[in-house]
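Peer 1: Quick one: the structure is below, questions incoming.
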Amino acid sequence: MRKFISVMTATVMLSTMLAACGNTGGATIETVEEDTAAVETSTEEAADTASEEPAAEEAAEEVTEAAGDYHIGIVTGSVSQSEDDRRGAEAFQAKYGEDRVILATYPDNFTEELETTIQTIVNLSDDADMKAIIVNQAIPGTTEAFRQIKERRPDIICIAGESHEDLPEIGSAADLVCNNDFVARGYLIIRTAHELGCDTFVHISFPRHLSYETMSRRVAIMKAACEEFGMEFVMESAPDPTTDVGVPGAQAYIAEHVPEWVEKYGQNSAYFCTNDAHTEPLLRGLLENGGYFIEADLPSPLMGYPGALGLDLTEEAGDFSKILAKVESAVVEKGGAGRFGTWAYSYGYTVSAGLAQHAMNVIDGTSELTNIDDISKAYEVFSPGAAWNGSNYTNADTGVKADNTFLIYQDTYIMGDPGKYMGSTEIEVPEKYFTTK
């Protein structure tokens, strides 16, 4: 695997991340002046309050100049479904200006509103000055949207972050695809659980997610890794938040079942869920009942922890070092030291902002689109000091590595007094896992 470490000067600040709030309703193109829609999580309420702070307003005004007069579009989910993705897009918009960076949201119930999703993405190409469109997360419909864009505007760079569609499929339409490294992480999450003393690993998901190649392959890798480390692997099912039960119903199910699961599988069981909305009630239940949580599906100290811990992060907004420190202190206070982990910097936040930065660098002629070091350089702007590792995606059926598709991950941090990085980016993942399916 090809390794890269991100290091940058302290002058790069992340306080711009909350310059605005997203619309949680239908798919619309937005700017930082739009109103905040009501959402259900306490994490978002804290972040929304922070967006009104003077420091954030000043950051939005002091925009950074780019080389050319062009526009970049970023499409994400709403703050209620994928807050970190949205905040990263807002951070990039605050850095370069709302006149240069156009934001849009796809519908919360995107599985039932495929045409709306496709049209939302395609609509950005109506802008004559649009030169790059980034979709994070690249939900179903993104491939078709990119194909339509390429037919009408082949000059636009189409980039997919965290694709829900099969990577070979979206890679055929996108110019660049970057996903979390479901191969390496499938192995490393289990390895970390084993190192922490866990004897059982519980995987929580639902049929829609398990139909994705990325998630089905990761499940297979996790099962194989559990066998390697002598651990029991268990599958538990939970409601899909995009169905009629919605987010409240899905979260209620998790909250109700965590005590039963911990009693059934024991205190040395580790848990993993594939859906963001499931994360908060899972963390809350594990903090109260025991068990381990290595890291979220899309890791971040903001993913589930603030709501589960009842934290107000208004003062820390935009500063991930302070956010992590406050979350860690609360975890330790509740007796969770050594049992709960994350990435120091939000994955969703970094992908939205980092891929947009990479697109801008490519347009300005300072980076190559499919150069892993250049992608790393762009991610570094929004994750100072974090260790990353990654590689080209390998097709499990053919064994062929894709030139325009990359899998990346950040080192795992286990919170404690003191906490510690697990050195995951230093581990050589056995080659057999790259074709496990």
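The values are calculated or read from the model by the stated rules, or taken from the named source; none is laboratory data. It should be emphasised that the depicted structure is a prediction, and the values quoted were computed from it without experimental measurement. Quick reminder, even Gly has a Cβ in these numbers, built from the backbone with ideal geometry, and neighbours come from all protein chains shown. The accessibility values were calculated without ligands, DNA or RNA, using every heavy atom of the protein model including side chains. Shrake-Rupley method; radii C 1.70, N 1.55, O 1.52, S 1.80 Å.
Peer 1: Please determine, by comparing only the residues of the stretch 378-414 that are within 29 Å of S216 (Cα to Cα) and of a type in the set (D, E), which one is modelled with the lowest pLDDT.
Peer 2: D397
Peer 1: Looking at the stretch 191-210, is at least one residue open to solvent by 40 Å² or more (accessible area, probe 1.4 Å) and in contact with a Lys or Arg (Cβ under 9 Å, 6 or more places away or on another chain)?
Peer 2: no
Peer 1: Provide a single number: the residues in the stretch 378-424 that are of a type in the set (A, V, I, L, M, F, W, C), open to solvent by 10 Å² or more (accessible area, probe 1.4 Å) and not in a strand (DSSP E or B).
Peer 2: Residues that pass the stated criteria total 4.
Peer 1: Give me the pairs: first residue in the stretch 91-102 and within 18 Å of Y379 (Cβ to Cβ) and open to solvent by less than 20 Å² (accessible area, probe 1.4 Å), second residue at pLDDT 95 or above and assigned to a helix (DSSP H, G or I), beta-carbon distance under 7 Å, and six or more apart or on different chains, which are they?
Peer 2: Going by the 7 Å Cβ cut-off, the qualifying pairs are A91/A353; F92/S352; F92/A353; F92/A356; F92/Q357; V101/F92; V101/Q93.
Peer 1: OK, next. Could you please let me know if E260 is of a type in the set (D, E, K, R), touching a Cys at 6+ places or on another chain (Cβ under 9 Å), open to solvent by 30 Å² or more (accessible area, probe 1.4 Å) and modelled with pLDDT of 95 or more?
Peer 2: no
Peer 1: So, restricting to helices (runs of 4 or more DSSP H) that lie completely within the stretch 268-377, which ones have at least 3 residues that are modelled with pLDDT under 95 and open to solvent by less than 10 Å² (accessible area, probe 1.4 Å)?
Peer 2: So the answer is 347-363.
Peer 1: Let me ask you something else. Evaluate the following for I157: is it open to solvent by 10 Å² or more (accessible area, probe 1.4 Å), in contact (Cβ under 8 Å) with a residue 40 or more places away in the chain, hydrophobic (A, V, I, L, M, F, W, C) and under 22 Å from G354 (Cα atoms)?
Peer 2: yes
Peer 1: Go through the stretch 102-135 and report how many residues are farther than 18 Å from R153 by Cβ and touching a helix residue (DSSP H, G or I) at 6+ places or on another chain (Cβ under 8 Å).
Peer 2: Of the residues in that region, 8 qualify.
Peer 1: Looking only at the stretch 180-205, how many residues end up being at pLDDT 95 or above and not in a helix (DSSP H, G or I)?
Peer 2: 10
Yes/no matrix, rows are residues, columns are (1) of a type outside the set (G, A, S); (2) part of a helix (DSSP H, G or I); (3) surrounded by fewer than 16 Cβ atoms within 10 Å (Cβ to Cβ):
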site: M222; (1), (2), (3): yes, yes, no
site: E227; (1), (2), (3): yes, yes, yes
site: G230; (1), (2), (3): no, no, yes
site: V234; (1), (2), (3): yes, no, no
site: P241; (1), (2), (3): yes, no, no
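Peer 1: Are there any pairs with C-beta distances below 6 angstrom linking a residue in the stretch 373-389 that is without any contact (Cβ under 8 Å) to a residue 60 or more places away in the chain to a residue that is buried (at least 20 other Cβ atoms within 10 Å of the Cβ) and among the small types (G, A, S), with the two at least 6 apart or on different chains, and if so which?
Peer 2: Listed pairs, sorted by first residue: A378/G354.
Peer 1: Sticking with this one: Checking G399 against (1) on the phi > 0 side of the Ramachandran plot; (2) without any contact (Cβ under 8 Å) to a residue 24 or more places away in the chain, which single condition isn't satisfied?
Peer 2: With respect to (1) on the phi > 0 side of the Ramachandran plot; (2) without any contact (Cβ under 8 Å) to a residue 24 or more places away in the chain, G399 is out only on (2).
Peer 1: Could you list all residues from the stretch 104-148 that are of a type in the set (D, E, K, R) and open to solvent by 50 Å² or more (accessible area, probe 1.4 Å)?
Peer 2: Those that are of a type in the set (D, E, K, R) and open to solvent by 50 Å² or more (accessible area, probe 1.4 Å): E112, E113, E115, D126, D129, K131, E144, R147.
Peer 1: Mind telling me which of the residues F146, F110 ends up being aromatic (F, W, Y) and either in contact (Cβ under 8 Å) with a residue 60 or more places away in the chain or part of a loop (DSSP other than H, G, I, E, B) (or both)?
Peer 2: Unique residue meeting the criteria: F110.
Peer 1: Something else about it: Considering only residues that are within 25 Å of A94 (Cα to Cα) and among the acidic types (D, E), which ones fall in the stretch 374-428?
Peer 2: Within the stretch 374-428, D374, E380 meet the criteria.
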